[in-house]
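The next block holds one structure in the form of structure tokens; read it before the comments.
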Amino acid sequence: MISSSRIITLIVASIVVTVAGCVSLETALPPPGRWVTQVLPEVDPDLPALERGRSLVIQHCGRCHAVEPIARYSLQQWRKIVPDMAAESYLNAAQTQEVLAYILTTRDALDRGGKPQADTR
Ligand code: HEC
């Protein structure tokens, strides 16, 4: 017979594995902030709009698959992926625009050497 403490150990172990297998949301979807404006001074990004785009991604883009880290695809790939996936998510034009702005601006900032984890917000 399997003891109950054995079962609890198994449950805890599987939870630990599940969490460790996921990239944190902060890493997958870096929050917009000073680290973005610093590397894109000529763009002067609208941070509240980018924040809304990030919220839309969190709300809509983890429904069918895990939220895809921005760093996983290139700027060029995202330009094609976002319109397709925005349609999958039934986003309207304004929402699609905010998701595009958030993902493309973040990817661009990462390409320019921006370091989200260095941000002190
Ligand atoms: C209705 C379900 C659904 C929703 C909602 C959804 N996706 Fe997807 N996504 C898919 C499916 C199915 C695939 C794999 C097949 C494909 O590429 O069309 C996919 C693939 C992807 C890929 C990999 C593309 C590639 O070329 O390998 C990315 C990145 C992605 N989705 C991002 C997103 C983002 C960002 C959102 C939110 C705007 C989103 N998804 C919302 C179903 C969904």
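The values are calculated or read from the model by the stated rules, or taken from the named source; none is laboratory data. Keep in mind that this is a model prediction, so the values were computed, not measured. Note: ideal-geometry Cβ built from the backbone for every residue, glycine included; neighbour counts use all protein chains shown.
Things worth noting here:
- Every residue from region 79-121 that is surrounded by 15 or more Cβ atoms within 10 Å (Cβ to Cβ) and of a type in the set (Gly, Ala, Ser): Ala86, Ser89, Ala101, Ala109, Gly114
- Residues in region 79-104 that are within 13 Å of Asp46 (Cα to Cα) and of a type in the set (Phe, Trp, Tyr): Tyr102 alone.
- Test result for Cys22, assigned to a loop (DSSP other than H, G, I, E, B) and modelled with pLDDT of 95 or more: no
- Against the numbered list (1) within 6 Å of the ligand (Cβ to nearest atom); (2) over 15 Å from the mean Cα position of the chain (by Cα); (3) free of Cβ contacts under 8 Å to residues at least 12 places away in the same chain, Ser89 comes up short only at (3).
- When the criteria are applied in full, Pro45 meets the requirement of being more than 9 Å from the ligand (Cβ to nearest atom) and closer than 13 Å to Leu104 by Cβ.
- Within region 66-78, the set of residues being touching a residue at least 24 places away in the same chain (Cβ under 8 Å) and either more than 8 Å from the ligand (Cβ to nearest atom) or buried (at least 18 other Cβ atoms within 10 Å of the Cβ) (or both) comprises Ala66, Glu68, Pro69, Ile70, Ala71, Ser74, Leu75, Trp78.
- If you filter region 66-78 down to residues that are outside any helix (DSSP H, G or I) and among the small types (Gly, Ala, Ser), you find that the one that is nearest to Thr106 (Cα to Cα) is Ser74.
- Of the residues making up region 92-102, those that are part of a helix (DSSP H, G or I) and over 13 Å from the mean Cα position of the chain (by Cα) are Ala93, Ala94, Gln95, Thr96, Gln97, Glu98.
- You will find that of Pro45, Pro69, the residue that is at pLDDT 70 or above, more than 15 Å from the chain's Cα centre (by Cα) and not charged (D, E, K, R) is Pro45 and no other.
Matching residues to (1) in a helix (DSSP H, G or I); (2) within 8 Å of the ligand (Cβ to nearest atom); (3) farther than 18 Å from Leu25 by Cα:
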| residue | (1), (2), (3) |
| --- | --- |
| Cys64 | no, yes, no |
| Lys80 | yes, yes, yes |
| Leu104 | yes, no, no |
| Asp108 | yes, no, yes |
| Gly114 | no, no, no |
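- Residue match in region 26-39 (condition: in a helix (DSSP H, G or I) and within 16 Å of the ligand (Cβ to nearest atom)): yes
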